[in-house]
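Below is one structure, written out as structure tokens; the observations come after it.
The values are calculated or read from the model by the stated rules, or taken from the named source; none is laboratory data. All values reported here derive from a predicted model rather than from experimental measurement. Here the Cβ positions follow ideal geometry from the backbone for every residue, glycine too, while neighbour counts run over all protein chains shown.
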């Protein structure tokens, strides 16, 4: 996987920023990237690519650890409760913030209990359908959805895509 120039530069800036501080040298031990989603997903792959880019520039290893569960809440809570010394970094998607709207309760505030370090990537959502579907454009999809409410389904991989699908339904006045 190729790492964007922005992600690589941001990753390389972390040690430079840490060294500019008049405190103990960072890192003083291995750095852990905690990914609160399953191994093999997009966030995991990005975390591993950034770790690979950073490893030659740091005196200690970078370890990518997956701790999935509860749509990212399990791993996020572990980082929130960890010692705030910069050796455990959370790699999250927009799900991290959306969880407070999609779940009844979470044990932290995703905005105030974490400090953003770097934007690593941007996500683009694209609506696609299989070639065997009875529609080939958005107008035909909406007509089909209105003719047969609830008969067309969409896939959601995490809170953002689920929210986008629900918002699409609301704005279009359909039940997909």
- Query: Is it the case that some residue within region 34-52 is over 22 Å from residue 123 (Cα atoms) and in contact with a strand residue (DSSP E or B) (Cβ under 6 Å, 6 or more places away or on another chain)?
  - Reply: no
- Residue that is surrounded by the fewest Cβ atoms within 10 Å (Cβ to Cβ) [pool: residues in region 117-156 that are without any contact (Cβ under 8 Å) to a residue 24 or more places away in the chain and under 30 Å from residue 88 (Cα atoms)]: 124
- Item | Which numbered condition residue 63 fails, given (1) assigned to a helix (DSSP H, G or I); (2) at pLDDT 95 or above | (1)
- helices (runs of 4 or more DSSP H) within region 74-176 that include 3 or more residues modelled with pLDDT under 90 and closer than 28 Å to residue 39 by Cβ: 95-102, 159-172
- Query: Do the conditions hold for residue 83, that is, is it closer than 17 Å to residue 117 by Cα and free of Cβ contacts under 8 Å to residues at least 40 places away in the same chain?
  - Reply: yes
